[in-house]
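Report on one structure; see the data block that follows.
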Amino acid sequence: MDTLIFEIGLALGLITLVGLISTKLRFSVIPFYILVGMAVGPHAPHFGMIDLRFIESSVFIDFMGRIGVLFLLFYLGLEFSVGRLIKSGKSIIVGGLFYVALNFVSGLLLGWMMGLPLKETLVVCGIMTSSSTAIVAKVLVDLKRTANPETEIIMGMIMFDDLFIAVHMSILSGLVLSGATSFMGVLFTSLSALVFILLFLIIGRKIIKYIDKLFNIQSSELFLLLVVTSLFLVAGFSETLHVAEAIGALLIGLVLAESKHVKRIEHLVLPFRDFFGALFFFSFGLTIDPLSLGGAVWMALIAVVLTIIGNLVAGMIAGRISGISNRASVNIGFTLVSRGEFSIIMANIGKAGGLLPTVQSFAVLYVLILAVLGPLLTKESKNIYNFFQQLSSKGQAQSQQGKM
């Protein structure tokens, strides 16, 4: 009996249900999507037509999840501007550099502590350096902090982080997906990926006026078809060069970000990003056996501690350079703690390259913890700062009394 459509309906029903629950709880929906995917899958029960194992539809759901990655990265490219990043100021550039460096070094340290091979360690570095743009933006809106002085710095640092992740993903995909083992082989594939990216962006900027003419279409149907065709062709071509398809999606987004049609593209693509993005997180959860997560618990907890410390230090540095208060600087550090979509994409590169399954288990726990903890820390950042200020004041008072 063909139950493909019915199973897809069940999957969408589960995704919608947890989405409604997360909205009621005013919480990030990403961990809910992953958790409901983990709760079902191959180990789940089945009752007649209601088969929560998703056996017949698993391949199709996985494919729609891949489409979700393409739309997530494509939309990011549409909203990204290197020129705007450069103009954003010294505090964002320096803060972003420290943010990336501290989190990347934390990943190297964790990989060394856990005895992971080089490829796995580099994937872990990417997972730990990828702040969640979606969660951070939603938290800032929900807490009504978009007008705060530190918000521009936060978004600028995220933009800088996204730029780094794009470069890291291109090098990593060349290293992991090409199968190169020798130093020269790895160097060649990585340089090839970087050359492709640079050439694509340079040529894209040169021909943007011709692209604008091509996209000058009145019909919304034909316009959308042209956008999606461009996305899939560039992403697919990238994959043939051992550059992750997600990077190809990001590249075409970066090129079209310079187009005069960018607002129209964003408006038409946004529903696809949200729909297929939800299926991406759900499909990722389907691949995870909850019983296999135990081996990555300590690794994930250590990573969470390192991330919080590193982010606070980076936030304090960015805040000091920009001249804002210590409390606002703490807000920066806590707001950037959330992890989500890009960490999962990074883990999927490791999966595609046949790396140790520990990396995926680690990514699940790490993202789940910080996707929940990040918004909570951001919301309570003022109270946390005041608490430590009181402790510091008491400590100084006791020290002065001791000297007397």
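The values are calculated or read from the model by the stated rules, or taken from the named source; none is laboratory data. Model, not experiment: these values are computed from the prediction. For neighbour counting, all protein chains shown are included, and Cβ atoms are generated from backbone atoms with ideal geometry for every residue, glycine included. The area values use the complete protein model at the heavy-atom level, side chains included, leaving out ligands, DNA and RNA. Shrake-Rupley method; radii C 1.70, N 1.55, O 1.52, S 1.80 Å.
Applying the criterion of being closer than 26 Å to F196 by Cβ and either basic (K, R) or modelled with pLDDT of 90 or more (or both) to the residues of the range 271-283, the residue that is least open to solvent (accessible area, probe 1.4 Å) is F276. Remark: pairs (first residue in the range 156-170, touching a residue at least 12 places away in the same chain (Cβ under 8 Å) and β-branched (V, I, T); second residue open to solvent by 20 Å² or more (accessible area, probe 1.4 Å) and in a helix (DSSP H, G or I); Cβ separation under 7 Å; 6+ apart in sequence or on different chains) = I158/T133. Right, S325: surrounded by fewer than 19 Cβ atoms within 10 Å (Cβ to Cβ) and modelled with pLDDT of 85 or more or not? Yes, satisfied. Scanning the range 120-157 for residues that are within 11 Å of the chain's Cα centre (by Cα) and open to solvent by 10 Å² or more (accessible area, probe 1.4 Å) gives T133, A134. Does N331 count as surrounded by 21 or more Cβ atoms within 10 Å (Cβ to Cβ), in contact with an Asp or Glu (Cβ under 7 Å, 6 or more places away or on another chain) and in contact (Cβ under 8 Å) with a residue 40 or more places away in the chain? Yes: the conditions hold for N331. When L268, L256, L286, L250 are checked against the criterion of being open to solvent by 10 Å² or more (accessible area, probe 1.4 Å), aliphatic (A, V, I, L, M), farther than 22 Å from L336 by Cα and in contact (Cβ under 8 Å) with a residue 60 or more places away in the chain, L286 stands alone in meeting it. Taking the range 7-38 as the range and being in contact (Cβ under 8 Å) with a residue 24 or more places away in the chain, part of a helix (DSSP H, G or I) and open to solvent by 80 Å² or more (accessible area, probe 1.4 Å) as the test, only L35 passes.
Does F6 qualify as being modelled with pLDDT of 85 or more and either touching a strand residue (DSSP E or B) at 6+ places or on another chain (Cβ under 6 Å) or under 28 Å from S338 (Cβ atoms) (or both)? When the stated conditions are applied, F6 does not pass them. Selection of the range 16-34 for residues being more than 22 Å from Y366 (Cβ to Cβ) and not polar (S, T, N, Q) yields L17, G19, L20, I21, K24, R26. Could you list, in sequence order, the residues of the range 201-245 that are open to solvent by less than 70 Å² (accessible area, probe 1.4 Å) and among the charged types (D, E, K, R)? Scanning the range 201-245 gives D212, E245. Here G319 meets each of (1) small (G, A, S); (2) farther than 16 Å from Y99 by Cβ; (3) assigned to a helix (DSSP H, G or I) with one exception, condition (2). Of all residue pairs spaced 6 or more apart or on separate chains, those with beta-carbon atoms under 8 Å, a first member in the range 368-392 that is in a helix (DSSP H, G or I) and a second member that is open to solvent by 80 Å² or more (accessible area, probe 1.4 Å) are L368/L35; S381/R327; K382/R327; Y385/R327.
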